[in-house]
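Asks: For reference, the structure I am asking about is given below.
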Amino acid sequence: MVASSIASMSSSNLLRRNVRILLVGDQGVGKTSLILSLVSEEFPEEVPPKAEEITIPADVTPEHVPTNIVDYSSIEQSDDNLIEEIAKAHVVCVVYAVDDESSLDRLSSHWLPFIREHSQGENRKPIVLVGNKIDLVDYSTIDHVLTIMEDFNEVESCVECSAKTLHNISEMFYYAQKAVLHPTAPLYIMEEQDLTEKCKKALVRIFKVCDIDGDGLLNDYELNHFQRRCFNAPLQPTVLDEVKAVLMKNTPDGIRDDCVTLSGFLFLHCLFIQRGRNETTWAVLRRFGYNENLEMSKDYLCPAIKIPPGSSTELSHRGQQFLMALFERGDKDMDGALSPDEFKRVFSACPTPPFSSDIKRTVPTNDKGWPTSHGWICRWSLQTFIELPKTLEYLAYLGFNVHENESQIAAIHVTRERRIDLAKKQSSRNTYMCHVIGMKGAGKTALCRAFLVDDMKKLKDKDLRGNNQYCINTVQVYGQEKYLILRDIDVRQVLDPLQPSEVLCDVACLVYDISDPKSFEYIARIYIKYFAESKIPVLIVGAKGDMDEKRQDYLLQPVEFCQKYKLLPPQYFSIKHNKRDLYVKLGTMASFPQLKHFGLMTNDPMIWWKTVLGIATCSLVGFFVVKALHSTR
């Protein structure tokens, strides 16, 4: 009752595909008659040696799938022809005559070994055993067939029928379709009466994703959410009570606190399969992205998304909401940060975490080095910007598709192209990439790591070690919060050229050591070679600003160089001075890409006011437009 109540809702979630059914068996067992009786709905008076291949449209099949039925004749076809047909078939129906004991014996002596030999490994075909001519006897051969099935686990099911009286003919072809669309072998081990390891692993992940409050149990709300997700209908209270009653009767730890446990969840799926309702478990697995091999399909993990050249990717509002809810659910002690154990539990439904819990050199953390909610969103914003496929993949693992009822593309915002930003002289993006370039030892790493802490004086020598390439935090640009990524460009040799990927960015920060006379020449040459003719804004920074400034061994001193190329004067930086305005300047230059020659603005202070007023006006207009749209709705 429980299995049928739930499974009856699964048909809308079938994997739509063509099914090719091959009928084989000894001569005279009635293979051709079965096909002709199915098509004409009456027993043929004259039966040819072999029926032509028949295609049945989807709308007249039990599973609503286009079906091809192929006959085999030992008179007209050779073994080579048979091997070819087995290779092309999705399922093989082996027909025997219930009134002919020799045809029954040849199931295990010839047909099943022959099919197994020619469909090994991934090409293994599910098999349905069909006993024809049941109208001629008053006994059943099913018990004997069940014994055969114990030795050949590729046999999915068996059925007795009659081509003459049309008894169970449509059921026979339904079982054949079902063997393809809802096979037992990937889910269940008959000998052990238990789920396969792959099936268990998939169902454990599904349980964890559906456990919205993370308490290790599925309460009534979560069960209903699961039911709606898989079968597009609520779980009726009477059925829910039946489910719980079955679990309490059959497995002692299946119910706890009136909720379904993981062991109870797994037991239910065992029960469905044992009662021949494989389609219920398959409907669940497919709804959660699993393919026929019980692996998450590539299309589910990484749906196609179009990103025009010059555009970037950010988390949408819904994406941020989902990830914040995930953080809050994982933060069991509510201390505003994820401890290593909490971090591990958050990603327990994933093959591995998408990034390390030791991320204190990449994002803002608490004093223990644990990611805060702010650092959590920063880290996901970084990954979405630099490695979108991984973000899409892990959003699928974590259940975005389940909780939001949409593809994880809804969690992503594709920005407009950079050339449009340049034309409009303003960017609408929220995440920007800044490349920090300079000689080794110039102070790049200190500049990047200082971006992550409120008090730079707390930075220790060990915080400046490591080879983390990226740091990300937020800056306020005219009252708007923007994510700024600092990428530390590793300089191997001074004369090594930069790769295009090391040049292209939203703003470049060229760093030199004011106490090293040879430091400035490197970034001066870098600017002239890569940035002088580009549209990328550039800020020159003199690091180690607390040390004595040395005259640079270059034909122009830093201030003169900036004047010549119409750049802002060199900005001095030191972790001891605790000045954060440098990062705001970089964020502002990235947000307003027309300010490549930022230094020109220093001659006209009114431009700052005009810019601010322009932004304020746009924001105000946007507010009223949104308000009007909400009123209309």
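The values are calculated or read from the model by the stated rules, or taken from the named source; none is laboratory data. Everything numeric here is computed off the predicted structure, so don't read it as measured data. Cβ: placed from backbone, ideal geometry, glycine included. Neighbour counts: every protein chain shown. The area values use the complete protein model at the heavy-atom level, side chains included, leaving out ligands, DNA and RNA. Shrake-Rupley method; radii C 1.70, N 1.55, O 1.52, S 1.80 Å.
Asks: Of the residues in the stretch 181-200, how many are touching a residue at least 60 places away in the same chain (Cβ under 8 Å), open to solvent by 10 Å² or more (accessible area, probe 1.4 Å) and part of a helix (DSSP H, G or I)?
Replies: Residues flagged as touching a residue at least 60 places away in the same chain (Cβ under 8 Å), open to solvent by 10 Å² or more (accessible area, probe 1.4 Å) and part of a helix (DSSP H, G or I) within the stretch 181-200 amount to 2.
Asks: Also, I was wondering about something else. Based on this model, can you work out whether T281 counts as among the β-branched types (V, I, T), open to solvent by less than 50 Å² (accessible area, probe 1.4 Å) and under 19 Å from V239 (Cα atoms)?
Replies: Values: among the β-branched types (V, I, T): yes; open to solvent by less than 50 Å² (accessible area, probe 1.4 Å): yes; under 19 Å from V239 (Cα atoms): yes.
So T281 passes the test.
Asks: A further question on this structure: Are there any pairs, at least 6 apart or on different chains, whose C-beta atoms fall under 7 Å, with the first in the stretch 310-337 and without any contact (Cβ under 8 Å) to a residue 40 or more places away in the chain and at positive phi and the second open to solvent by 20 Å² or more (accessible area, probe 1.4 Å) and among the small types (G, A, S), and if so, which?
Replies: G336/S373
Asks: Those residues that are over 13 Å from S519 (Cβ atoms) and touching a residue at least 12 places away in the same chain (Cβ under 8 Å), I need them from the stretch 562-572; list them, please. Please lay out each step first, then the result.
Replies: Going through the stretch 562-572, the residues over 13 Å from S519 (Cβ atoms) turn out to be 562-569, 571-572.
Of everything in the stretch 562-572, those that are over 13 Å from S519 (Cβ atoms) and touching a residue at least 12 places away in the same chain (Cβ under 8 Å) turn out to be C562, Q563, Y565, K566, L567, L568, P569, Q571, Y572.
Asks: Picking from S407, S428, which residue would you name as being without any contact (Cβ under 8 Å) to a residue 60 or more places away in the chain and either among the acidic types (D, E) or open to solvent by 10 Å² or more (accessible area, probe 1.4 Å) (or both)?
Replies: Values: S407 fails: without any contact (Cβ under 8 Å) to a residue 60 or more places away in the chain.
S428 is the lone residue from the list that is without any contact (Cβ under 8 Å) to a residue 60 or more places away in the chain and either among the acidic types (D, E) or open to solvent by 10 Å² or more (accessible area, probe 1.4 Å) (or both).
Asks: Residues of the stretch 211-229 being open to solvent by less than 20 Å² (accessible area, probe 1.4 Å), over 12 Å from H403 (Cα atoms) and either small (G, A, S) or part of a helix (DSSP H, G or I) (or both), which ones?
Replies: L223, Q227
Asks: Are there any pairs with C-beta distances below 6 angstrom linking a residue in the stretch 130-149 that is closer than 14 Å to A163 by Cα and open to solvent by less than 30 Å² (accessible area, probe 1.4 Å) to a residue that is of a type in the set (S, T, Y) and in a loop (DSSP other than H, G, I, E, B), with the two at least 6 apart or on different chains, and if so which?
Replies: Every condition considered, the pairs that remain are G131/T141.
Asks: Determine if the stretch 540-558 includes at least one residue that is within 22 Å of R419 (Cα to Cα) and either in contact with a Gly (Cβ under 9 Å, 6 or more places away or on another chain) or outside any strand (DSSP E or B) (or both).
Replies: At the first step, the residues of the stretch 540-558 found to be within 22 Å of R419 (Cα to Cα) are none.
Taking every residue of the stretch 540-558 in turn, none turns out to be within 22 Å of R419 (Cα to Cα) and either in contact with a Gly (Cβ under 9 Å, 6 or more places away or on another chain) or outside any strand (DSSP E or B) (or both).
Asks: Among the residues of the stretch 529-556, write down those that are more than 24 Å from V477 (Cα to Cα) and in contact with a Lys or Arg (Cβ under 7 Å, 6 or more places away or on another chain).
Replies: First pass over the stretch 529-556, keeping only residues more than 24 Å from V477 (Cα to Cα): 529-530, 532-533, 544-556.
Within the stretch 529-556, D546, D553, L556 meet the criteria.
Asks: Specify the residue that is farthest from V346 (Cα to Cα); the eligible residues are those in the stretch 230-256 that are surrounded by fewer than 16 Cβ atoms within 10 Å (Cβ to Cβ) and of a type in the set (S, T, N, Q).
Replies: T238
Asks: Kindly indicate whether any position in the stretch 361-380 is touching a residue at least 60 places away in the same chain (Cβ under 8 Å), closer than 26 Å to F226 by Cα and not in a strand (DSSP E or B).
Replies: No, because not a single residue in the stretch 361-380 is touching a residue at least 60 places away in the same chain (Cβ under 8 Å), closer than 26 Å to F226 by Cα and not in a strand (DSSP E or B).
Asks: What pairs come out if I take residues in the stretch 276-292 that are in a helix (DSSP H, G or I) and pair them with residues that are β-branched (V, I, T) whose C-beta lies under 6 Å away, six or more apart or interchain?
Replies: Sorted first by the residue in the stretch 276-292, then by its partner, the pairs are N278/T184; T280/I6.
Asks: Given the options A590, A616, name the one that is open to solvent by less than 60 Å² (accessible area, probe 1.4 Å), assigned to a helix (DSSP H, G or I) and at pLDDT below 55. Working first, answer last.
Replies: Numbers: A590 fails: at pLDDT below 55.
Checking each option against the conditions leaves just A616.
Asks: For the stretch 109-129, what are the residues that are open to solvent by 80 Å² or more (accessible area, probe 1.4 Å) and not small (G, A, S)?
Replies: Start the filter on the stretch 109-129 by keeping residues that are open to solvent by 80 Å² or more (accessible area, probe 1.4 Å), which leaves 109, 116-117, 120, 122-124.
Passing the criteria: R116, E117, Q120, E122, N123, R124.
To keep it simple, each residue is scored yes or no on (1) over 21 Å from D100 (Cα atoms); (2) modelled with pLDDT of 95 or more; (3) of a type in the set (S, T, Y); (4) touching an Asp or Glu at 6+ places or on another chain (Cβ under 9 Å).
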| site | (1), (2), (3), (4) |
| --- | --- |
| R17 | yes, no, no, no |
| L38 | yes, no, no, no |
| A51 | yes, no, no, yes |
| D59 | yes, no, no, no |
| P62 | yes, no, no, yes |
| P66 | yes, no, no, no |
| V70 | yes, yes, no, yes |
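Asks: Next question. Select, from V39, V94, V70, the only residue that is out of contact with any Ser or Thr (no Cβ under 9 Å at 6 or more places or on another chain) and surrounded by fewer than 17 Cβ atoms within 10 Å (Cβ to Cβ).
Replies: The unique qualifying residue is V39.
Okay, residues lined up against (1) at pLDDT 85 or above; (2) in a helix (DSSP H, G or I); (3) closer than 29 Å to W370 by Cβ:
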| position | (1), (2), (3) |
| --- | --- |
| A396 | yes, yes, yes |
| N401 | yes, yes, yes |
| E406 | no, no, no |
| D421 | no, yes, no |
| S428 | no, no, no |
| R449 | yes, yes, yes |
| L486 | yes, no, yes |
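Asks: What number of residues within the stretch 329-359 satisfy the criterion of being outside any helix (DSSP H, G or I) and closer than 21 Å to G289 by Cα? Outline the logic, then answer.
Replies: In the first step, residues of the stretch 329-359 are kept if they are outside any helix (DSSP H, G or I); the result is 331-339, 347-359.
From the residues that got through so far, the ones that are closer than 21 Å to G289 by Cα too are 347-354.
Adding up the residues that qualify gives 8.
Asks: Quick test for you: out of S5, S12, pick the one residue that is open to solvent by 50 Å² or more (accessible area, probe 1.4 Å), modelled with pLDDT under 95 and either more than 17 Å from E160 (Cα to Cα) or not in a loop (DSSP other than H, G, I, E, B) (or both). Show your work before the answer.
Replies: On the way: S5 fails: open to solvent by 50 Å² or more (accessible area, probe 1.4 Å).
On inspection, the qualifying residue turns out to be S12.
Asks: If you scan the stretch 111-132, which residues turn out to be small (G, A, S) and either farther than 16 Å from L23 by Cβ or in contact with a Phe, Trp or Tyr (Cβ under 8 Å, 6 or more places away or on another chain) (or both)?
Replies: G121, G131
Asks: Also, I was wondering about something else. Of these, T261, T280, T251, which one is at pLDDT 95 or above and of a type in the set (S, T, N, Q)?
Replies: Details: T280 fails: at pLDDT 95 or above; T251 fails: at pLDDT 95 or above.
On inspection, the qualifying residue turns out to be T261.
Asks: If you check I386 against the conditions, is it closer than 22 Å to T588 by Cα and either without any contact (Cβ under 8 Å) to a residue 40 or more places away in the chain or among the aliphatic types (A, V, I, L, M) (or both)?
Replies: On the way: closer than 22 Å to T588 by Cα: yes; either without any contact (Cβ under 8 Å) to a residue 40 or more places away in the chain or among the aliphatic types (A, V, I, L, M) (or both): yes.
It is true that I386 is closer than 22 Å to T588 by Cα and either without any contact (Cβ under 8 Å) to a residue 40 or more places away in the chain or among the aliphatic types (A, V, I, L, M) (or both).
Asks: Considering only residues that are outside any loop (DSSP other than H, G, I, E, B) and exposed (fewer than 15 other Cβ atoms within 10 Å of the Cβ), which ones fall in the stretch 42-67?
Replies: Start the filter on the stretch 42-67 by keeping residues that are outside any loop (DSSP other than H, G, I, E, B), which leaves 54-56, 58-60, 67.
Within the stretch 42-67, T55, A58, D59, V60 qualify.
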